[in-house]
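Take a look at the structure below.
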Amino acid sequence: MSTILRRQVPLAIASIIILIVFLEYYIAYAPLKTLSSAIQQWAIICATLAVGVGVINAALIKIDKIKKKQPYWYFDAWMLIVFVIFVVTGFMGKTYGEHPIFQWMMQYVYLPVDSTIFALVAFDIVAAFYRSFRVRTGSSIILLVSALIIMLWNMPMVGGLWPGFMPLGSWVLDVPAAGVGRGITIITAIGLVGFSIRELFMKERTVVGVVD
(Lines give C-alpha, C1' and ligand atoms only; values in the text may rest on other atoms or scores of the structure.)
Protein backbone atom coordinates (compact mmCIF):
# COMPACT_ATOMS: atom_id res chain seq x y z
CA MET A 1 0.00 0.00 0.00
CA SER A 2 2.82 2.39 0.86
CA THR A 3 4.44 1.73 -2.53
CA ILE A 4 1.20 2.58 -4.30
CA LEU A 5 0.81 5.83 -2.35
CA ARG A 6 4.44 6.84 -2.87
CA ARG A 7 4.76 5.91 -6.55
CA GLN A 8 1.58 5.06 -8.39
CA VAL A 9 -0.67 7.80 -6.99
CA PRO A 10 1.76 10.70 -7.77
CA LEU A 11 2.33 9.27 -11.28
CA ALA A 12 -1.42 8.99 -11.85
CA ILE A 13 -2.02 12.58 -10.68
CA ALA A 14 0.76 13.88 -12.94
CA SER A 15 -0.64 11.92 -15.91
CA ILE A 16 -4.13 13.33 -15.37
CA ILE A 17 -2.80 16.89 -15.12
CA ILE A 18 -0.73 16.51 -18.31
CA LEU A 19 -3.74 15.04 -20.13
CA ILE A 20 -6.04 17.90 -19.05
CA VAL A 21 -3.59 20.63 -20.08
CA PHE A 22 -2.87 18.83 -23.36
CA LEU A 23 -6.54 18.38 -24.29
CA GLU A 24 -7.40 21.97 -23.35
CA TYR A 25 -4.95 23.23 -25.97
CA TYR A 26 -6.67 21.31 -28.78
CA ILE A 27 -10.32 21.06 -27.66
CA ALA A 28 -12.53 24.17 -27.32
CA TYR A 29 -14.54 23.07 -24.28
CA ALA A 30 -15.27 25.70 -21.61
CA PRO A 31 -15.23 23.44 -18.49
CA LEU A 32 -11.98 21.86 -19.65
CA LYS A 33 -10.43 25.29 -20.19
CA THR A 34 -11.56 26.42 -16.73
CA LEU A 35 -10.07 23.31 -15.13
CA SER A 36 -6.80 23.73 -17.02
CA SER A 37 -6.55 27.40 -15.98
CA ALA A 38 -7.16 26.45 -12.35
CA ILE A 39 -4.43 23.79 -12.51
CA GLN A 40 -1.95 26.27 -13.99
CA GLN A 41 -2.80 28.84 -11.33
CA TRP A 42 -2.26 26.24 -8.62
CA ALA A 43 1.10 25.41 -10.20
CA ILE A 44 2.10 29.08 -9.86
CA ILE A 45 0.89 29.11 -6.25
CA CYS A 46 2.84 25.94 -5.42
CA ALA A 47 6.00 27.34 -7.04
CA THR A 48 5.60 30.57 -5.05
CA LEU A 49 5.14 28.63 -1.81
CA ALA A 50 8.22 26.57 -2.63
CA VAL A 51 10.23 29.79 -3.03
CA GLY A 52 8.86 31.01 0.30
CA VAL A 53 9.86 27.77 2.01
CA GLY A 54 13.33 28.08 0.50
CA VAL A 55 13.69 31.64 1.80
CA ILE A 56 12.56 30.63 5.29
CA ASN A 57 14.93 27.66 5.29
CA ALA A 58 17.85 29.84 4.18
CA ALA A 59 17.03 32.38 6.91
CA LEU A 60 16.94 29.64 9.56
CA ILE A 61 20.32 28.34 8.40
CA LYS A 62 21.81 31.83 8.58
CA ILE A 63 20.35 32.41 12.04
CA ASP A 64 21.86 29.13 13.23
CA LYS A 65 25.27 30.16 11.88
CA ILE A 66 24.98 33.52 13.64
CA LYS A 67 24.09 31.87 16.96
CA LYS A 68 27.06 29.52 16.70
CA LYS A 69 29.37 32.39 15.63
CA GLN A 70 30.70 30.40 12.72
CA PRO A 71 33.36 31.97 10.46
CA TYR A 72 32.12 35.13 8.69
CA TRP A 73 28.85 35.05 10.64
CA TYR A 74 28.64 38.84 10.45
CA PHE A 75 28.11 38.61 6.69
CA ASP A 76 25.12 36.36 7.33
CA ALA A 77 23.79 38.85 9.87
CA TRP A 78 24.17 41.70 7.40
CA MET A 79 22.38 39.66 4.72
CA LEU A 80 19.41 39.10 7.04
CA ILE A 81 19.26 42.80 7.95
CA VAL A 82 19.27 43.86 4.29
CA PHE A 83 16.69 41.19 3.46
CA VAL A 84 14.32 42.47 6.16
CA ILE A 85 14.79 46.08 5.04
CA PHE A 86 13.99 45.23 1.42
CA VAL A 87 10.92 43.18 2.34
CA VAL A 88 9.52 45.83 4.72
CA THR A 89 10.06 48.74 2.33
CA GLY A 90 8.66 46.69 -0.53
CA PHE A 91 5.34 46.31 1.29
CA MET A 92 5.16 49.96 2.35
CA GLY A 93 3.54 51.15 -0.88
CA LYS A 94 0.09 50.41 -2.24
CA THR A 95 1.67 47.89 -4.62
CA TYR A 96 4.77 45.89 -3.78
CA GLY A 97 7.92 47.67 -4.92
CA GLU A 98 6.41 51.10 -5.63
CA HIS A 99 7.60 52.91 -2.49
CA PRO A 100 10.30 55.55 -3.24
CA ILE A 101 12.65 54.14 -0.59
CA PHE A 102 12.45 50.65 -2.12
CA GLN A 103 13.00 51.99 -5.64
CA TRP A 104 15.98 54.07 -4.44
CA MET A 105 17.57 50.99 -2.84
CA MET A 106 16.99 48.95 -5.98
CA GLN A 107 18.47 51.68 -8.19
CA TYR A 108 21.46 52.73 -6.09
CA VAL A 109 22.19 49.67 -3.92
CA TYR A 110 21.01 46.46 -5.58
CA LEU A 111 21.80 47.23 -9.22
CA PRO A 112 25.41 48.42 -8.59
CA VAL A 113 26.10 45.38 -6.40
CA ASP A 114 24.52 43.09 -8.99
CA SER A 115 26.62 44.61 -11.78
CA THR A 116 29.78 44.27 -9.70
CA ILE A 117 29.10 40.61 -8.93
CA PHE A 118 28.35 39.94 -12.60
CA ALA A 119 31.62 41.60 -13.62
CA LEU A 120 33.59 39.52 -11.09
CA VAL A 121 31.93 36.31 -12.25
CA ALA A 122 32.60 37.20 -15.89
CA PHE A 123 36.25 37.86 -15.04
CA ASP A 124 36.55 34.49 -13.31
CA ILE A 125 34.92 32.75 -16.28
CA VAL A 126 37.34 34.40 -18.72
CA ALA A 127 40.31 33.54 -16.49
CA ALA A 128 39.19 29.91 -16.20
CA PHE A 129 38.59 29.80 -19.95
CA TYR A 130 42.10 31.10 -20.58
CA ARG A 131 43.71 28.56 -18.21
CA SER A 132 41.77 25.48 -19.35
CA PHE A 133 41.19 26.04 -23.06
CA ARG A 134 43.44 24.30 -25.53
CA VAL A 135 43.31 24.88 -29.27
CA ARG A 136 43.69 21.43 -30.79
CA THR A 137 41.01 21.13 -33.50
CA GLY A 138 39.27 23.31 -36.05
CA SER A 139 36.12 23.43 -33.94
CA SER A 140 38.05 24.72 -30.94
CA ILE A 141 39.58 27.45 -33.10
CA ILE A 142 36.11 28.55 -34.23
CA LEU A 143 34.92 28.55 -30.63
CA LEU A 144 37.93 30.60 -29.50
CA VAL A 145 37.56 33.19 -32.27
CA SER A 146 33.81 33.50 -31.67
CA ALA A 147 34.33 33.96 -27.93
CA LEU A 148 36.95 36.66 -28.52
CA ILE A 149 34.66 38.49 -30.96
CA ILE A 150 31.75 38.48 -28.51
CA MET A 151 33.93 39.61 -25.58
CA LEU A 152 35.39 42.47 -27.62
CA TRP A 153 31.93 43.33 -28.97
CA ASN A 154 30.70 43.83 -25.39
CA MET A 155 33.47 46.32 -24.64
CA PRO A 156 32.38 49.93 -25.38
CA MET A 157 36.00 50.94 -25.91
CA VAL A 158 36.31 48.63 -28.93
CA GLY A 159 33.28 50.20 -30.62
CA GLY A 160 34.79 53.64 -30.18
CA LEU A 161 38.20 52.64 -31.54
CA TRP A 162 36.90 50.53 -34.43
CA PRO A 163 33.23 51.17 -35.36
CA GLY A 164 33.38 48.54 -38.09
CA PHE A 165 33.85 45.80 -35.50
CA MET A 166 30.35 46.21 -34.06
CA PRO A 167 28.49 44.81 -37.12
CA LEU A 168 30.78 41.76 -37.00
CA GLY A 169 29.84 41.03 -33.37
CA SER A 170 26.16 41.58 -34.15
CA TRP A 171 26.39 39.15 -37.07
CA VAL A 172 27.93 36.47 -34.84
CA LEU A 173 25.05 36.86 -32.39
CA ASP A 174 22.26 37.14 -34.97
CA VAL A 175 23.32 34.36 -37.35
CA PRO A 176 25.55 31.54 -35.98
CA ALA A 177 24.67 31.99 -32.29
CA ALA A 178 20.96 32.39 -33.03
CA GLY A 179 20.98 29.24 -35.16
CA VAL A 180 22.70 27.23 -32.43
CA GLY A 181 20.29 28.63 -29.83
CA ARG A 182 17.28 27.62 -31.89
CA GLY A 183 18.71 24.16 -32.36
CA ILE A 184 19.16 23.79 -28.61
CA THR A 185 15.60 25.06 -28.09
CA ILE A 186 14.22 22.50 -30.56
CA ILE A 187 16.16 19.65 -28.94
CA THR A 188 14.98 20.74 -25.49
CA ALA A 189 11.37 20.91 -26.69
CA ILE A 190 11.60 17.41 -28.21
CA GLY A 191 13.05 16.08 -24.98
CA LEU A 192 10.29 17.77 -22.98
CA VAL A 193 7.61 16.28 -25.25
CA GLY A 194 9.17 12.83 -24.87
CA PHE A 195 9.33 13.24 -21.10
CA SER A 196 5.67 14.36 -21.01
CA ILE A 197 4.57 11.38 -23.10
CA ARG A 198 6.43 8.97 -20.82
CA GLU A 199 4.92 10.67 -17.79
CA LEU A 200 1.45 10.57 -19.39
CA PHE A 201 1.67 6.80 -19.70
CA MET A 202 3.24 6.51 -16.22
CA LYS A 203 6.56 5.25 -17.61
CA GLU A 204 8.75 8.08 -16.27
CA ARG A 205 9.24 6.98 -12.68
CA THR A 206 12.29 9.11 -11.91
CA VAL A 207 9.97 11.91 -10.73
CA VAL A 208 9.05 9.77 -7.72
CA GLY A 209 12.63 8.75 -6.98
CA VAL A 210 12.69 5.43 -8.87
CA VAL A 211 15.73 4.90 -11.10
CA ASP A 212 15.67 1.85 -13.37
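The values are calculated or read from the model by the stated rules, or taken from the named source; none is laboratory data. Bear in mind that the values here come from a model prediction, so they are computed numbers and not experimental data. Quick reminder, even Gly has a Cβ in these numbers, built from the backbone with ideal geometry, and neighbours come from all protein chains shown.
Points worth noting:
Every residue, every condition in (1) exposed (fewer than 10 other Cβ atoms within 10 Å of the Cβ); (2) over 23 Å from the mean Cα position of the chain (by Cα); (3) under 22 Å from VAL172 (Cβ atoms), yes or no:
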{"position": "ILE63", "(1), (2), (3)": "no, yes, no"}
{"position": "PHE75", "(1), (2), (3)": "no, yes, no"}
{"position": "MET106", "(1), (2), (3)": "no, no, no"}
{"position": "VAL126", "(1), (2), (3)": "no, no, yes"}
{"position": "ILE141", "(1), (2), (3)": "no, yes, yes"}
{"position": "ILE150", "(1), (2), (3)": "no, no, yes"}
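- Taken together, the residues in the range 97-134 that are charged (D, E, K, R) and touching a Ser or Thr at 6+ places or on another chain (Cβ under 9 Å) amount to 1.
- VAL121 meets each of the listed conditions (1) under 23 Å from the mean Cα position of the chain (by Cα); (2) surrounded by 11 or more Cβ atoms within 10 Å (Cβ to Cβ) apart from (2).
- Cβ-Cβ distances below 7 Å connect the following pairs, each with a first residue in the range 50-74 that is in contact (Cβ under 8 Å) with a residue 24 or more places away in the chain and under 18 Å from VAL84 (Cα atoms), a second residue that is surrounded by 12 or more Cβ atoms within 10 Å (Cβ to Cβ) and of a type outside the set (S, T, N, Q), and a separation of six or more residues or different chains: ALA59/LEU80.
- Within the range 12-36, the residues that satisfy the criterion of being surrounded by 14 or more Cβ atoms within 10 Å (Cβ to Cβ) and either polar (S, T, N, Q) or at pLDDT below 80 (or both) are SER15, SER36.
- Residue count, the range 154-206 (criterion: surrounded by 12 or more Cβ atoms within 10 Å (Cβ to Cβ) and either on the phi > 0 side of the Ramachandran plot or of a type in the set (Phe, Trp, Tyr) (or both)): 4
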